[in-house]
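Derivation of every value follows stated rules applied to the coordinates shown; laboratory data play no part. Please read these numbers as outputs of a predicted model, since none were measured by experiment. Quick reminder, even Gly has a Cβ in these numbers, built from the backbone with ideal geometry, and neighbours come from all protein chains shown.
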Amino acid sequence: MDYDFSHDSDGHDTIRKQKIILITLIIMIVSTPFEIMLMKYFVINDGERTIVWHFFYCVVQFLVLFVINFTALEQPQYPDKKDRLDAVLSLIVAAIIIVFKVWFVNYRVNSFEEQALSNSNDTIGVITQKYLTQGKHGERSYYLWAGKNDSLSRRHEVSEQLYNCINPGDTVILQVSKEYPRINKVLIWDTREDEIAKYRNSNK
C-alpha cells in the first residue's frame, strides 16, 4: 500500500510560509527604532526629514512580504481559497503595521524636536536658500532654508505667499536648540529693524 506524502508536503509548506511571514512582520516591527534613529540623524545633521526615504523603505518592506506570499514560496499559480485568504490577511496586517510605523516614527521625531527646542535660545538668523518642487499633477511645495548660518540651516515648508516675500539673505528671528543647533524654529519671518536690534543687544 502506497503512502501519499502530498499532505505532509502541504503541511510543511504551510508551516514554512507562516514562519517566514511571521519573521518578516517581526522585522518590520523591530526595525522601527532604527528608522527613528536614522530620521533623528538626518534632522540633526542635514536639517531636513527624509520623508521620501522612509516612505520608499516602508514600500520595500511591503513588497518583500508580497513576494514571500506569491513568489518566494513557489505557490501554485492559482492557489486555493485558503491560500489566497492567508496571503490577503498577511498583507493587510503588514499594511496596518506600516501605517502605524509611519505615524509612530513621525510622532517620535516630533517629540524629539520639541524636546530639543525646550532647551534653546532666541537669536538672529538668515535665509540661506529657497526652492520649490512641483508634482506630476501640478501641485507645488515651497521651502525656505533658515539658520544661524549656511552650515546650520534647516529646511522649512512654507506657504506660497511667504515664499514669494522672502529671499536668501533676509534676516529672521530663530529659536535654536542649544544641544542641536541645526534644529530651529522660525519665530519671525518678516523682521523689523527694531526687532533685529533688540535680539542683537540681547545676545551681546
With x for Gly and Pro, the residue-by-residue ³J(HN,Hα) of region 50-60, computed from phi through the Karplus equation 6.51 cos²θ - 1.76 cosθ + 1.60 at θ = phi - 60° and given in whole Hz, is 8, 4, 4, 4, 5, 4, 5, 4, 5, 4, 4
Burial-style ranking of 173-182, 133-142, 97-106, 158-167, average other-beta-carbon count within 10 Å with highest first, yields 173-182, 97-106, 158-167, 133-142
